[in-house]
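Readers should treat all values here as calculations from the given coordinates under stated rules, not as data from a laboratory. The structure presented is a predicted model; accordingly, all values stated were derived computationally and were not measured. Glycine also receives a Cβ, built like all others from the backbone with ideal geometry; neighbour counts cover every protein chain displayed.
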There are 2 protein chains.
Amino acid sequence: MLSKNTVKFIKTLHQKKYRNLEQKFFVEGEKSVLELLNSDFEVELLLVTERFFEQHQKQLNHLRAELLIVTQKQLESVGQFQSNDSALAVAKMKSNQYFENTQEDLVIALDDVRDPGNLGTIIRIADWYGIKHLLFSSQTAEFYNPKVIQASMGSFTRVKFYYGDLKEIFKKWDCPIYGAYLGGSNIHQLNKPKPGILLMGNESNGISEELAGFVTNKITIPGFGSAESLNVAIATAILCDNFKRLAGE
Amino acid sequence: MLSKNTVKFIKTLHQKKYRNLEQKFFVEGEKSVLELLNSDFEVELLLVTERFFEQHQKQLNHLRAELLIVTQKQLESVGQFQSNDSALAVAKMKSNQYFENTQEDLVIALDDVRDPGNLGTIIRIADWYGIKHLLFSSQTAEFYNPKVIQASMGSFTRVKFYYGDLKEIFKKWDCPIYGAYLGGSNIHQLNKPKPGILLMGNESNGISEELAGFVTNKITIPGFGSAESLNVAIATAILCDNFKRLAGE
């Protein structure tokens, strides 16, 4: 049975403050919950409808978490989805773990990308292109924000990320830093780019002055019309696509 | 002075039913309103803050619409933006006008793209790539939905679009129809594609069976990781970028 305390607890996780305090977050919806169950995240609590329970019994056999069968209405009352007839899970956050430069593939670095929808979409794009590592400035949207989780469509389970001072990392890593600008080199014409960091700036202000000095290659998506700019997630996708094409993969 | 009737009138335009009845829509925010004033849309009513009025007097000199100076609070109470310290305009819709195939550039066709944010983003992408013509199935999101207008970032003023039965149009137009699928030809390796129609499917169901038969070239964005799919606006952007590159522009 879903107790009042459990309801209250899940609802506190809607807020960043309590997510950080508890070091827990929640995941909603069939696809995302299934991907979570298949991942190395530690699930603590799982609310499912009878339908979901029956359809996915096999996967639930190995579950070490508390499992509650609830109604669709109950799911919708504790989560943020308008409609949810499948599941909601509470899992433990991973610690913020630094990783070394692999030198083998692109690493995406975000300089204060603030919109959770953009961050989630970028995580999904990284996963599409097989990019496993992301660096986030401390002002970038929070990875465990429910909107980030939702927009990533399960891809949040497959990327490694680190929040930190990008300046300090850029100083240490010896690799090209490709910065997305409006007036750089045409990405279509880039010559066999070496793996490095793809740095994307804030939605309104672009790449900060503090980081601009570290950029070794300013790159641009060629425009042919009159739009002044592209959304940062759209630009990230186009640049990743070009890098993969140019790497001959 | 902002009358109660004017407030009521603008608020009715939040609903599709009344937009269609009045054949009018509204535009919010500095950038979008300025682009609207620079376009061939007929503006009927303009609410501006004193700050906006003083900063953009030149552009407002030619205005043939009713102009009201209002407070930020008033703007926010009639519109949908959480914060708006600049302007809101009411303009007349354009009639749904069919266009002939130009045969010169890509035409984007959307088969039931339902999410207004996706439609607005696709309009912005089209404008970035200089694609002027779009075809929408009748179940595609409504062009004049405030969320479409907002996401298009002013680009809604620069594209031509037609809502209609895509099947009938595809029958008439003699050109390649490139359909975005998960199992088509790798877009990176397409050989000098001729201008034609780029057909994008619904967010959940992809291209409908009814239209699939018209597709002459199934195309795919190569994936390298584990994400199952890309958002339709993201996919549109990547495909447009490849078409422009392959056309040698």
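Points to keep in mind about this one:
- Using the Cβ-Cβ distance between A:K147 and A:E50 with R0 set to 30 Å, the FRET efficiency from 1/(1 + (r/R0)^6) comes to roughly 0.60.
- Considering only B:V7, B:H56, B:Y178, and ranking their Cα positions along the charge dipole of chain B that arises from unit charges at the beta-carbon of Lys, Arg, Asp and Glu, the one farthest toward the positive end is B:V7.
- Each Lys or Arg adds one and each Asp or Glu takes one away; over the other residues whose Cβ falls under 15 Å from the Cβ of A:L67, this sums to -2.
- Report summary: the helix-based calculation at 222 nm, which adds -39500 (n - 2.57) for every DSSP H run with n ≥ 4 and divides by the residues of chain B, gives -9500 deg cm²/dmol.
- For the residues of A:238-245, the average number of beta carbons from a partner chain within 10 Å of their own beta carbon is 5.
- Cα gyration tensor category, rounded, prolate or oblate, for the stretch B:4-92 with a/c compared to 1.5: oblate
- Counting Cβ atoms of other protein chains within 10 Å of each Cβ in A:119-126 and taking the mean gives 3.
- Amide H to amide H, with H built 1.01 Å from N, B:S185 comes under 5 Å of B:K218, B:I219, B:T220, counting only residues 5 or more places away or on other chains.
- Full-stretch length increase - B:K17, B:R114 - with 0.36 nm per residue and alpha-carbon distance subtracted: 33.2 nm
- The protein assembly as shown shape via C-alpha gyration tensor axes, a/c threshold 1.5: rounded
- Rel. contact order, % - alpha carbon contacts under 8 angstrom, at least six apart, chain B: 19 percent
- By the count of other C-beta atoms within 10 Å, a proxy for reagent exposure, B:R124, A:R51 are ordered fewest to most as A:R51, B:R124.
- Rg/Rh, computed from the Cα trace of chain A with Rh as the Kirkwood radius, has the value 1.03.
- Each copy carries a label point for A:A65 at 7 Å from Cα along the beta-carbon vector; from one copy to the others these points are 4.9 nm apart, nearest first.
- R0 of 60 Å, Cβ-Cβ distance A:N96-B:Q103: FRET efficiency to nearest 0.05: 0.65
- Nearest-20 debye value, chain A charge dipole, Cβ charges on Lys, Arg, Asp, Glu: 300 debye
- In terms of surrounding Cβ atoms within a 10 Å radius of their Cβ, B:D115, A:D127, A:D174 rank from fewest to most as A:D174, B:D115, A:D127.
- The stretch A:107-246 - percent relative contact order, Cα under 8 Å, separation 6 or more: 29 percent
- Length available on full extension from A:N186 to A:L246: 0.36 nm per residue minus the Cα-Cα distance, which gives 20.3 nm.
- Average other protein chain Cβ within 10 Å of Cβ, residues A:206-214: 0
- Residues of the stretch A:42-63 falling in the label zone of A:S3, defined by backbone nitrogen less than 19 Å from a point 7 Å along Cα to beta-carbon, are A:44-48.
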